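K.L.:
I have a structure here, written as structure tokens, and I will follow up with some questions on it.
Nothing in this text is a laboratory measurement; each read-out follows from the coordinates by a stated rule. Because the structure is predicted, anything quoted here is derived from the model rather than measured.
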């Protein structure tokens, strides 16, 4: 075989970092050794994998096609090492969108590590667009998202049902009625998630087009910051019921019923179509499914 596992490892590390020095540091090797491994890989097949722009490296079309296959090979190699070490599950990189990451994923990760104490999980919490990008770049093995994706390189599987809820502070004039008409909502300032989040995408699709006017007072990336802003009386907001359960229970926020809008949605698993589903990924997904069917129902 002309290609070596080390060459594949170096290529994948450089592809992820777009920098030979950082890749070499992550692999505990010298910069010259990493650079030589990449050059030799490209020379063997007379096939450049990166565009060289000054000192920066950018994957070209061939490199982008090779990356998921390279990550697949490395994942399988990690499985072999785990098997030889006594059946241990390999490392796992999971991405979760804000709502899932803050209110659900950490509980699942904790449960997974209790069941598999020898394992390692890296959990990244960001908005839907960033999680999808991480899966596409093969930086994440699994994504747990609250939005949808149409990229042909991604596979989406439904996980849990969710819904968005419009809410306000207890002292807000609309709070007493417990419901809000479309006209009343159009007259209010809003605190919304940023563009690129699954929550904002559903709001823009289901609510915004129906309002005669939309006054966005604040855009914030974090659900807790939005809740605090609403509690302070700065306006209305729309978030997942999962993120609001405790605030509704203690009365610091009030739900506004809006049956005129369809705010139902799903949480999804997302993975790269060309990547092998490792035993660690399968174990984590199985735990997510069991958690969704049982433990989450108890919390609600």
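K.L.:
How large is log10 of I(q)/I(0) for the stretch 222-270 at q = 0.22, 0.29 Å⁻¹ when the intensity is taken from the Debye formula with one equal scatterer per alpha-carbon?
P.N.:
The calculated log intensity ratios at q = 0.22, 0.29 Å⁻¹ are -0.90, -1.25.
K.L.:
Nearest 10 degrees, 0 to 90: what angle lies between the long axis of helix 61-84 and the longest principal axis of the chain (Cα atoms)?
P.N.:
Its long axis makes an angle of about 80 degrees.
K.L.:
Once the Cα gyration tensor of the stretch 139-231 is found, what semi-axes does its equivalent ellipsoid get, as square roots of 5 times the eigenvalues, in whole Å, sorted largest first?
P.N.:
After scaling each eigenvalue by five and taking roots: 29, 15, 13 Å.
K.L.:
Ok, one more. Given the C-alpha centroids of the stretch 220-243 and the stretch 6-81, what is the distance between them in whole angstrom?
P.N.:
42 Å
K.L.:
Residue separation times 0.36 nm, minus the C-alpha to C-alpha distance between residue 195 and residue 122: what's the value?
P.N.:
Working: separation 73, 0.36 × 73 = 26.28 nm, distance 2.52 nm.
Taking residue 195 through residue 122 to full extension adds about 23.8 nm, to one decimal.
K.L.:
Among the DSSP beta bridges whose two residues both lie in the chain, what percent are antiparallel, rounded to the nearest 5?
P.N.:
Of all bridge pairs located within the chain, approximately 60 percent are antiparallel.
K.L.:
Once every DSSP H run of n ≥ 4 in the chain is given -39500 (n - 2.57) and the sum is divided by its residues, what mean residue ellipticity at 222 nm do you get, rounded to the nearest 500 deg cm²/dmol?
P.N.:
Only helices count here, giving -12500 deg cm²/dmol.
K.L.:
Considering only DSSP beta bridges where both residues belong to the stretch 162-264, give the percentage that are antiparallel (nearest 5). Each step should come with its number before you reach the end.
P.N.:
On the way: 8 of 16 bridges.
Counting only bridges with both partners in the stretch 162-264, antiparallel ones make up about 50 percent.
K.L.:
Share of Cα-Cα pairs in the stretch 5-65 beyond 15 Å, in percent?
P.N.:
Tail fraction, whole percent: 42.
K.L.:
Volume per residue, Å³, of the convex hull around the alpha-carbon atoms of the stretch 144-196? All intermediate terms of the calculation are to be shown ahead of the outcome.
P.N.:
Numbers: hull volume 7.6 nm³, N = 53.
Value for the stretch 144-196: 144 Å³ per residue.
K.L.:
Given Cα pairs under 8 Å that are at least 6 residues apart, what percent is the relative contact order of the stretch 5-65?
P.N.:
27 percent.
K.L.:
Based on the inverse mean of 1/r over its pairs of different Cα atoms, what is the Kirkwood hydrodynamic radius of the stretch 117-274, in Å? Walk me through the numbers on the way to the answer.
P.N.:
Values: mean 1/r = 0.0599 Å⁻¹.
Here the Kirkwood hydrodynamic radius works out to 16.7 Å.
K.L.:
At 1.306 mPa s and 10 °C, plugging the Kirkwood radius over alpha-carbon pairs of the chain into Stokes-Einstein gives what diffusion coefficient in µm²/s?
P.N.:
Answer, rounded: 74 µm²/s.
K.L.:
Quote to one decimal, in nm, the extra length available between residue 84 and residue 106 on full extension: 0.36 nm per residue of separation minus the C-alpha distance between them.
P.N.:
Once the chain is fully extended between residue 84 and residue 106, it gains 5.0 nm.
K.L.:
Assuming 0.36 nm per residue, please report the length gained on full extension of the stretch residue 137 to residue 228 beyond their Cα-Cα distance. Walk me through the numbers before you get to the answer.
P.N.:
Details: separation 91, 0.36 × 91 = 32.76 nm, distance 3.45 nm.
Full extension of this stretch gives 29.3 nm more.
K.L.:
To test your reading of the geometry: what angle, between 0 and 90 degrees and rounded to tens, separates the Cα axis of helix 31-44 from the longest principal axis of the chain?
P.N.:
That helix lies at roughly 80 degrees to the long axis.
K.L.:
Compute the long axis of helix 5-17 from its Cα atoms, compare it with the longest principal axis of the Cα atoms of the chain, and write down the angle in degrees, 0 to 90, nearest 10.
P.N.:
It works out to around 40 degrees.
K.L.:
Could you tell me the relative contact order of the stretch 162-264? Use alpha-carbon pairs under 8 Å, at least six residues apart, and round to a whole percent.
P.N.:
Across the stretch 162-264, relative contact order equals 49 percent.
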